[in-house]
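The values are calculated or read from the model by the stated rules, or taken from the named source; none is laboratory data. This structure is a prediction, so every number in the text was calculated from the model and none was measured. All Cβ positions, glycine included, derive from the backbone under ideal geometry; neighbour counts span all protein chains shown.
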Amino acid sequence: MADVEPVIRAAQGPVFVTGSLLRHILVMTGAGAIGLMAIFIGDLANIYFLSRLGDEAIVAAVGYASSILFFSTSIGIGLSIATTSLVAPALGAGRRIRARRLAANAHVLAFAASAVLSTALWLAIGPLLEMLGATGRTLDLATLYLRILIPTLPFLSMGMTSAAVLRSAGDARRAMHVTLSGAIVNTILDVIFILHFGLGIEGAALASLLARLVIMGVGFHGVINVHDLLGRPKLTTLRQDVPAFSSIAAPAVLTNIAPAVGNAYVTYAMAAHGDAAVAAWAIIGRVIPVAFGAIYALSGSVGPIIGQNYGARSPIRMRDVFTLALFTMTAFTSIAWIILSVFAHDLASVFNAGPEARALIVFFCRWLSPLFVFLGALFVANATFNTLGRAHYSTLLNWGRATLGTVPFVLLGGTYYGAEGVLAGNMIGGVAFGLIAILSGYRLIARLANGLQA
């Protein structure tokens, strides 16, 4: 049944429609960065403790598995984006009953969709790993890792959806706690399972499994007990809301599958250069989200802030949010580049990297990491497109980046410059798409502003 009262004011009104936009961005990003980097640090801890075993095959196995896990989380990310895109404007317009209903249905859809996907992926683990180039013992280790972790995708998706509801309500701190608690559990259990009990890659997978259960539990606590933003799911309202979610979630899922496909192709290209190259790529893949975690968090913060102002019909503030987010992203990228450049060799040593892997890690940190600014621009624009009902823009740009902006550059780079060329091609290919995303973001906001002012 539809909402009985079309407009109900929440006890605490929308928090982003007044006050300093830069402050809102920094507060949301700061808390979100801690929460997001907590997840990434948990993944980094897996690689770190496994690298202490001195077996490059294990690290390479995690690299292969990560390409598939990256793909598997796309459902959860897509539905969390749809959740923010619908719940934040509802709260911005003061429609709390509608926001509770949307939040409930988002959780139901997240669980159902991720359960179907995880089942399909679990049945295809072997062929997918072989397609990426995994062989022998590395293939066996990656298979073991995935057989434990893929069934936990529904728990992670539920936690991500809860965090999206909390961000939509402006509660960045509790959204941060969702992932931070999981990371703490993951790291502690890594020490126990990998180092104390000597379970190796199986221990890393078990630690991540339990951490995902914690993430789901903490997310539910914030949404249900703190904010009372989870209505009772009903089949009638679920049917009514599926089209709205699908219109955003479907392109958002496709958008997030695109980087996974691009990442898988890079893994495939690195496989031609041996386990050491794949191990280096696995380490770089864990370092990137930690080093640039603030940018990932920034893209997650832009949606709720723009969404509430869109619901409140404030086009000038929408444009200012986009501009400030781009400047903030550039500053974060510059800081991360400096830190990575200075500590490049130390970073390689921490992960016990061999000579070939070390050279690749240092090359990325010093020469390629500043190009992340163009990926950051794409992330900010994606959040804007999704929130403003143009998720297909994100889909087109991300698939363009994953295909035209990845395959030819990686292929040419690998052919002429080896593993370093693969890394360089992957980053250089994103430049044009970052610039297109910026221009498209401003044009969309200007077009919507004319409609709001009409």
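Quick one: MET131 ticks every box in (1) more than 15 Å from TYR145 (Cα to Cα); (2) under 15 Å from the mean Cα position of the chain (by Cα); (3) surrounded by fewer than 24 Cβ atoms within 10 Å (Cβ to Cβ); (4) among the hydrophobic types (A, V, I, L, M, F, W, C) bar one, so which box is it?
All conditions are met except number (2).
For region 49-166, please list each of the helices (runs of 4 or more DSSP H) lying entirely inside it that holds at least 3 residues being under 24 Å from PRO243 (Cα atoms).
The helices (runs of 4 or more DSSP H) meeting that bar are 74-92, 96-123.
Picking from GLY307, GLY311, GLY300, GLY354, which residue would you name as being modelled with pLDDT under 90 and closer than 22 Å to ALA45 by Cα?
Only one candidate qualifies: GLY354.
Can you confirm whether region 99-109 contains a residue that is basic (Lys, Arg), crowded, with 20+ Cβ neighbours inside 10 Å and in contact with a strand residue (DSSP E or B) (Cβ under 9 Å, 6 or more places away or on another chain)?
no
Within region 190-222, can you find the residues that are touching a His at 6+ places or on another chain (Cβ under 8 Å) and β-branched (Val, Ile, Thr)?
VAL218
Sort out which residues of region 373-393 are under 30 Å from VAL59 (Cβ atoms) and over 15 Å from the mean Cα position of the chain (by Cα), and write them in order of number.
VAL373, PHE374 - these are the residues of region 373-393 that are under 30 Å from VAL59 (Cβ atoms) and over 15 Å from the mean Cα position of the chain (by Cα).
If you scan region 110-128, which residues turn out to be touching a residue at least 24 places away in the same chain (Cβ under 8 Å) and surrounded by fewer than 24 Cβ atoms within 10 Å (Cβ to Cβ)?
PHE111, ALA113, ALA115, LEU117, SER118, LEU121, TRP122, ILE125, LEU128 - these are the residues of region 110-128 that are touching a residue at least 24 places away in the same chain (Cβ under 8 Å) and surrounded by fewer than 24 Cβ atoms within 10 Å (Cβ to Cβ).
For region 397-425, give me each residue that is on the phi < 0 side of the Ramachandran plot, surrounded by fewer than 21 Cβ atoms within 10 Å (Cβ to Cβ) and either among the small types (Gly, Ala, Ser) or touching a Cys at 6+ places or on another chain (Cβ under 7 Å) (or both).
GLY400, GLY421
Anything in region 134-162 that is polar (S, T, N, Q) and under 21 Å from the mean Cα position of the chain (by Cα)? List them, or say none.
Residues satisfying the conditions are THR152, SER157, THR161, SER162.
May I ask you to say which residue of ALA331, ALA325, ALA336, ALA348 is under 25 Å from the mean Cα position of the chain (by Cα), surrounded by fewer than 19 Cβ atoms within 10 Å (Cβ to Cβ) and hydrophobic (A, V, I, L, M, F, W, C)?
The conditions single out ALA331.
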